[in-house]
Each structure stands twice: as structure tokens, then as C-alpha cells.
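The values are calculated or read from the model by the stated rules, or taken from the named source; none is laboratory data. Values in this document were obtained by computation on a predicted structure and should not be read as measured data. Counting neighbours? That spans all protein chains shown, and the Cβs are built from the backbone with ideal geometry, glycine included.
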Amino acid sequence: MLALATSLPSPNPPAFAAGQAVSAAIADRGVFEFSLAGKTIGTEVFEIRSSAEKVEAQAEIHLRVERDGKTIDVKTYPHLVLDNKLQPLTYTWKQKGSQSSQLEVDFRSSPVQARYKTVNGQEDRRDFDLAKDVLVLDDNVVHHYQLVVDRYALTAGGKQTLTAFIPQEALPGSLSIEKIGTEAPPVQGSTLNLHHLVITTELAHVSLWVDEHRRLERIVIPEVQFEAVREH
């Protein structure tokens, strides 16, 4: 997925100092453009805003993909609310289009309660035993990786292992994240000096490039030939 972005300057301090705290004033908005095997498939218009008590992250995602000779055109609307320690409180996700569905997850309860509504109106309720600091990293939601970067900045650096949850797949698991260097990959026709981080799961390696303000600029998942780039 890829996008047209108007980004707010981040008020965050410089990236990845050991033990650095994330400011309560996390603020970002913009657009990512998505591509699959080099072909543009959609955009994500997102905003992350915060107050002293909470952080809210939401987006409108438009995907257009070919499947079995047909064009599938859908819009999805993820909305994640976290506390000021970046621990999730609630998450909702809605899909509109040829296949409409929605889900709601309440992380404030123990166990965590999830409710899924399918395209035919059926409901599926599930409970999950998840840690309070679990990462929400949903399918086809790129700005969630920005929140992973912010969580990583809370640590002392090096390689970190974190628990994660994919709401659309009702799948908990774990991932590791580490910074592997600073480099200048081409992004939107210009060359930026970016920090390169790698997220590793059982199924994939995800490369992230972020600027000196911890702002996500590019993401690549080689196993599925997926790329997202922030537009400027």
C-alpha cells in the first residue's frame, strides 16, 4: 500500500537514545502508498494524536486488488486507543465494500474480549489472555508499525522481544525488533539518511526506515513483495 502524505513535524526527541522515554505529545499524520510486487494497490491516510491520558491512532485505508480475475475494492477504518504508556485500551476495525465486516477488542478487560461481526451478520466472541503491554499490529495497517517504533524507543535499545496481537486474524504471538544501522535508501525520489530497523516474526522479516524524529518513512516485507512509502 502507498500514499499521498501531508506530515506534521514530529515533536518527539531524537531517535533511539538508550532508555529514552516517548513524549506524551506523539503527533503525526500523513499518507502511505502501498504496492504489491511493484504495482500500486492502495493508500492509507492516517493520524496519530495524543493527550496527557491517551494516544489515538486511526486511518482510512483504500485497497484495490485483483483476485480470480475480479477487482476487489474495499475501504477499512482502524481506530486504536492506547494509554500514555502506549498500552492498548480499545481497538475497532470496520471494512466497507463488497465484503463488509467489523471487529471490536476491549483490552481493559481480563481476559481481553474480542467481538467479530462477519459479512453475513454472524457474531463470533472470543477471549484472549494477553499482556497489558501487547502490541496491536493488524493486517494492512501500516501506521501500527509507527507505534511499534515508538514502543521500541522506550527500551534501552539493542534487540528487543515483544508480544503482539493481530486482531483480524485473532492471532497472538511474539516478534523481535532491532536497529541494524543507518543508511540512505531512495524514498520518493530523494535520498534521506534513515535509521534501519528490522522486525522478525516466525513468518516474515519486516524492514522499517525511520527519520531522526522516529517518523516512519518506508516499510518493506520481502516475503510478500509488499512496500509502503510515506508521500511528502
| message | Which of the numbered conditions does Gln188 fail, given that it passes all the others? Conditions: (1) crowded, with 18+ Cβ neighbours inside 10 Å; (2) modelled with pLDDT under 95. | response | (1)
| said: Among the numbered criteria (1) loosely packed, with under 14 Cβ neighbours inside 10 Å; (2) over 20 Å from Leu82 (Cα atoms); (3) modelled with pLDDT of 95 or more, which one does Ile177 miss? | reply: (1)
| Here is a list of conditions, (1) surrounded by fewer than 15 Cβ atoms within 10 Å (Cβ to Cβ); (2) modelled with pLDDT of 95 or more, and Gly19 meets all of them except one; can you say which number that is? | (2)
| task | Could you check how many residues of region 208-229 are more than 13 Å from the chain's Cα centre (by Cα) and closer than 18 Å to Arg151 by Cα? | result | 6
| query | In this structure, is Leu86 part of a strand (DSSP E or B), surrounded by 15 or more Cβ atoms within 10 Å (Cβ to Cβ) and aliphatic (A, V, I, L, M)? | reply | no
| query | Name the pairs: first residue in region 171-184 and under 15 Å from Val149 (Cα atoms), second residue part of a loop (DSSP other than H, G, I, E, B) and of a type outside the set (A, V, I, L, M, F, W, C), Cβ to Cβ under 6 Å, at least 6 apart or on different chains? | reply | Leu175/Thr201; Ser176/Lys159; Glu178/Lys159
| query | Which residue pairs have Cβ atoms under 6 Å apart, sit 6 or more places apart or on different chains, and have a first residue in region 200-228 that is free of Cβ contacts under 8 Å to residues at least 60 places away in the same chain and under 14 Å from Asp28 (Cα atoms) and a second that is among the basic types (Lys, Arg) and buried (at least 16 other Cβ atoms within 10 Å of the Cβ)? | reply | Glu217/Arg230
| query | When you go through (1) of a type outside the set (D, E, K, R); (2) at pLDDT below 95; (3) within 19 Å of the chain's Cα centre (by Cα); (4) part of a strand (DSSP E or B) one by one for Ser35, which number turns out not to apply? | reply | (2)
| If we scan region 39-62, do we find a residue that is among the hydrophobic types (A, V, I, L, M, F, W, C) and in a loop (DSSP other than H, G, I, E, B)? | yes
| message | So, Leu208, is that one among the hydrophobic types (A, V, I, L, M, F, W, C), at pLDDT 95 or above and farther than 25 Å from Trp93 by Cα or not? | response | no
| query | If Ala170 satisfies every condition in (1) surrounded by 19 or more Cβ atoms within 10 Å (Cβ to Cβ); (2) at positive phi but one, which is the exception? | reply | (1)
| field | Filtered residues of region 58-102 (kept if β-branched (Val, Ile, Thr) and closer than 17 Å to Ile166 by Cβ) | value | Ile61, Thr76, Thr90, Thr92
| note | Scanning region 39-53 for residues that are acidic (Asp, Glu) and more than 11 Å from Asn140 (Cβ to Cβ), the one modelled with the lowest pLDDT turns out to be Glu53
| In the list Val148, Val112, which residue meets the criterion of being surrounded by 21 or more Cβ atoms within 10 Å (Cβ to Cβ) and over 13 Å from the mean Cα position of the chain (by Cα)? | Val112
| note | Across (1) surrounded by 16 or more Cβ atoms within 10 Å (Cβ to Cβ); (2) closer than 14 Å to Arg214 by Cα; (3) at pLDDT 50 or above; (4) out of contact with any helix residue (DSSP H, G or I) (no Cβ under 8 Å at 6 or more places or on another chain), Asp28 clears everything bar (4)
